[in-house]
1. Within the stretch B:194-209, work out how many residues are more than 35 Å from the chain's Cα centre (by Cα) and in a helix (DSSP H, G or I).
2. Can you name every residue in the stretch C:210-224 that is buried (at least 24 other Cβ atoms within 10 Å of the Cβ) and not hydrophobic (A, V, I, L, M, F, W, C)?
3. Just checking, does the stretch A:199-208 include any residue being at positive phi, more than 11 Å from chain B (Cβ to nearest Cβ) and modelled with pLDDT of 85 or more?
4. From the list B:Arg140, B:Arg146, which residue is closer than 30 Å to C:Val248 by Cα, at pLDDT below 75 and among the basic types (Lys, Arg)?
5. Evaluate the stretch C:112-124: report whether one residue or more is open to solvent by 30 Å² or more (accessible area, probe 1.4 Å), modelled with pLDDT of 70 or more, at negative phi and within 12 Å of chain D (Cβ to nearest Cβ).
6. Restricting to the stretch B:52-107, and then to whatever is more than 16 Å from B:Leu119 (Cβ to Cβ) and among the aromatic types (Phe, Trp, Tyr), can you tell me which residue is least open to solvent (accessible area, probe 1.4 Å)?
7. When you look at B:Val248, is it under 30 Å from C:Gly231 (Cβ atoms) and either within 14 Å of chain C (Cβ to nearest Cβ) or modelled with pLDDT under 90 (or both), yes or no?
8. Identify, from the list C:Ala71, C:Ala56, C:Ala83, the residue that is modelled with pLDDT of 80 or more, under 28 Å from the mean Cα position of the chain (by Cα) and part of a helix (DSSP H, G or I).
Number of protein chains: 4
Amino acid sequence: MDRTSARPAPPPVPAYARAAQQFGKPLSGWRLTLYTIIFEADTRAGRAFDLAVIGAILASVLVAILDSTHAISDRWGGWLYGAEWFFTLLFTAEYVARLLCVRRPGRYALSFFGVIDLLSILPTYIAVLVPGAHVLIDVRVLRLLRVFRILRLTAYVAEFSALGAALRASYRKIAVFLSFVLMLILVFGSVMYVIEGPDNGFTSIPVAMYWAVTTVTTVGFGDITPKTELGRLISSVMMLLGWGVLAVPTGIVTAEMTAQRRGWPGAVTTRTCQFCLTEGHSPEANFCRHCGAKLPDWHHDTVAGGEG
Amino acid sequence: MDRTSARPAPPPVPAYARAAQQFGKPLSGWRLTLYTIIFEADTRAGRAFDLAVIGAILASVLVAILDSTHAISDRWGGWLYGAEWFFTLLFTAEYVARLLCVRRPGRYALSFFGVIDLLSILPTYIAVLVPGAHVLIDVRVLRLLRVFRILRLTAYVAEFSALGAALRASYRKIAVFLSFVLMLILVFGSVMYVIEGPDNGFTSIPVAMYWAVTTVTTVGFGDITPKTELGRLISSVMMLLGWGVLAVPTGIVTAEMTAQRRGWPGAVTTRTCQFCLTEGHSPEANFCRHCGAKLPDWHHDTVAGGEG
Amino acid sequence: MDRTSARPAPPPVPAYARAAQQFGKPLSGWRLTLYTIIFEADTRAGRAFDLAVIGAILASVLVAILDSTHAISDRWGGWLYGAEWFFTLLFTAEYVARLLCVRRPGRYALSFFGVIDLLSILPTYIAVLVPGAHVLIDVRVLRLLRVFRILRLTAYVAEFSALGAALRASYRKIAVFLSFVLMLILVFGSVMYVIEGPDNGFTSIPVAMYWAVTTVTTVGFGDITPKTELGRLISSVMMLLGWGVLAVPTGIVTAEMTAQRRGWPGAVTTRTCQFCLTEGHSPEANFCRHCGAKLPDWHHDTVAGGEG
Amino acid sequence: MDRTSARPAPPPVPAYARAAQQFGKPLSGWRLTLYTIIFEADTRAGRAFDLAVIGAILASVLVAILDSTHAISDRWGGWLYGAEWFFTLLFTAEYVARLLCVRRPGRYALSFFGVIDLLSILPTYIAVLVPGAHVLIDVRVLRLLRVFRILRLTAYVAEFSALGAALRASYRKIAVFLSFVLMLILVFGSVMYVIEGPDNGFTSIPVAMYWAVTTVTTVGFGDITPKTELGRLISSVMMLLGWGVLAVPTGIVTAEMTAQRRGWPGAVTTRTCQFCLTEGHSPEANFCRHCGAKLPDWHHDTVAGGEG
């Protein structure tokens, strides 16, 4: 668990002061107010704004989903079209406000979330100008990604980063594993293409690889299936292999999580009480849990090194 | 593991006395006897009653299952109809008895199990009064949920609560994970809806999301499958992703269970220092690791007992 | 890992002496010789016999498999029929020999392996006498189970029992989990039967339960699939649930295996060296790994109690 | 984790010296230069050569994949044919160069990678000579396996061997598990063949076993599905069994990886006491736990480095 983020926060630095540290000169007047509301989650107004944006995003995604369902769009098409424009204008206003109140609008516009913000309003405008581009309108669902920006500021961050840390810590093992799986899929896919051939649905190596992925991952759509004896034998081997191989990423992630879970607060360190020689005090302990004596200070980075 | 339930029980308070503590004035006479039989599992009669109810529930569910199978209901329809009424009257009698012997019938009637009790008898009566409501009769299977009430009182409780504790302890990680998966399904579903379109079975975003769920969870019904090259490529990525992502909940639950199984020293107990309120002292600690104050004694054997 | 079975064996007691301990009076003459060959794996002849039996079992199963493949049985039917009779007579001879050399033939005939032995020779005889019973002949594949008897005597036993111990140790958790899954399947199956109905393939509750099993376990045959919106929504919930629930048995077994794996030889015990106070000596250690001092004896059952 | 590869390398022995140690007499002149470039990855030229070979392999595999897609091969067939010959000649040149510069060409030609090297150039030549052998050309995808030879020399080796070590450490458990699963598949397959029969798609025991594999591994293609009540009941049991059994390999691998990840104190190292030959001393041990003799020093930082 990411204890660092959960630690008692340092004396709160006001939002403008932080902005000042970042850009040299503080924002002021309405731009500062706007900035605080839009980009900060500490104030009452900021939190209300965030909740309103999340609500608008979810509502607009719901509109897009309903719009794609013919039974509904045939009947309520007008209302949905209106709601769509309402949200598009709302997000446009928000986009403009964001551009206005940041000190470097260009940098924001080119950032990941800046691009997502633009992508979530553009399709509606384009669909009006270019008739054939109506299909693009479903790109609006990408608005959902904007929720992540706001979630970054909330309490769920600690959990997200805990999961992320577990994955990052084992990314090399995962990369090796993935490259092995991809090679397996390519080799098995080609072999099955040779054995089964276009007559049994394996029309090309890419199609055979798609089939190999459905098989190794145990999805098994069944739209393409082996028909020959040899093909079925090899498929059986692939399934058993995929089944066993599934144990590997689980093992990697679990081992990492178990290590993290152990990490705090019950971590078995080598800290030893000088008086009663009890070992294994947790990193944040100040006193010996056995005799109550004061423990020497613990160097936080030491653990990080030992755990890494 | 649920330490509370495994702790040496306090000197046994008779059922009526407990009821008295709860409601101020004790039940008496036949109502007390009925209450003890129906709601308590400590006495001989109470246990016999519980077993009889479980038997009746399972038998009535079996009747409902057989009734839905045409080959059987065509032939034995009369007997099944009779058995159905027998169980309905039995459960009605039980429901009335429960209402009679509790001190606050209204509170019971509105409780979770009160509603389930009502739902498991109503359909049979409604099916007689309203001809078209015959389909409702299968709601009777919900009677099965009533088994849980009785199981709550048995030895399996410890295991149930152990599993529950493991899930509860990691519910935030699971919530983060689930929201991530749902977002993945929504985004991938929409993308596939745009790519494949209604011609290939992806008739709306909800349908595409249903397909995305079957794919990411590796179920793979195959009633809807991608036909285009790009769609198959994206499906392959989804399958591999879903396969890898499956490692995450397993990792979360396993890490939690391993920690519980070990019990010590990584166990997060609920021991709290009375002075500095630091939580999570390990079972064998004598002093608060934060302020060095003496901790109250911890019953170590309780843990060992709870482990078995 | 089961160290007990891997421990240096006690001074070897001859087969006949062991038989004597069991039955009071020793076998003698040719019956003793036969008993030693058939039931013991310690002697040269006994091991050769076991290997021959395993070979014959595998060969006869292969014959049964080939016999079921029409392309092969049409052409080589005569040879396969001959081979089948060869193996049947062989196993009959073995069965008779077993009956002859044990002291209590009745007890053997009624034991699990005695019944399997009989079942693996009967079908061939019955198929001759009763013409329509030819289908029974595939019961011969149960011969495969006889391999387990011999494997019981080999080195793989330790691994088998290690896996078995892990499962046994958590059988209550698994029972709770299974009863929960079965209840889930019954409730979801009935609900889907009501929602989808016979028109969409859910012809009865048992069929709906079969579908629920294919869905929750992520098998997803796709022979029956939900067609209505509500049915698909509930299916999606089931799939996600089944996916998450899969983490539970994995967590149970893994936690158990991790505990076993840790158990020996690197188990963290509380054994402490009296001279240098190094803790955590493994159970079988005689000397302190840090200072080389003699350690006090370790009571084996203490660990078992603490681990259990 | 592979400690050997992570250990501080011995003072670098030049490639030719190593070759000399192996074969008695050193290579010299252009053969030595060629050998260093082709077989070594330590020099600048060697690394460049390896990268070029990996690039050529991936490009030629891409050509084979594109060639199998009719929409592409119909249009760009000529270019792809040319590219195919370009890569074939390139790999032929490489193969000849390898034969020339090793001291024992025969041994290389018969080694695993020697055969793969030959297999990856032969099909193109054969397809010219024997018209009907065009299908063989897809054997070229096996070129991909050649990437492994080069990867063996890179930094990913540590991760590969870590995964490999985890699998090797539990190979007996996995073997027992696999033999159990195969027996399950054979028995269940035969039973389903008897129950469902050829009319429901179970045309022979091998086909029924193929179906059993798709079911137990939760792949569930759905090309063959049970139709009878009894068959569906047994299938349901198989699915639940397969689902639960999946927990076993995951448990095995995870327990192994957790032990490796922790490294200490449960780590089974290869440290062996010179006096009593007890193996598996923990990394920080100074004395043999069995006989108390002094152990040679263990480079603790090596382990830490190997953990990263």
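The values are calculated or read from the model by the stated rules, or taken from the named source; none is laboratory data. Model, not experiment: these values are computed from the prediction. Using ideal geometry, Cβ is built from the backbone for each residue, glycine included, and neighbour counts are taken over all protein chains shown. Quick note on the areas: whole protein, heavy atoms, side chains included, nothing else; ligands and nucleic acids left out. Shrake-Rupley method; radii C 1.70, N 1.55, O 1.52, S 1.80 Å.
1. Number of matching residues: 6.
2. C:Tyr210, C:Thr214, C:Thr215, C:Thr217, C:Thr218, C:Gly220, C:Gly222
3. Yes, the conditions are met somewhere in the stretch A:199-208.
4. Just a single option satisfies the conditions, and that option is B:Arg140.
5. no
6. Among residues in the stretch B:52-107 that are more than 16 Å from B:Leu119 (Cβ to Cβ) and among the aromatic types (Phe, Trp, Tyr), the one least open to solvent (accessible area, probe 1.4 Å) is B:Trp85.
7. Spelling it out, B:Val248 is indeed under 30 Å from C:Gly231 (Cβ atoms) and either within 14 Å of chain C (Cβ to nearest Cβ) or modelled with pLDDT under 90 (or both).
8. Result: C:Ala56 is the single residue among C:Ala71, C:Ala56, C:Ala83 that is modelled with pLDDT of 80 or more, under 28 Å from the mean Cα position of the chain (by Cα) and part of a helix (DSSP H, G or I).
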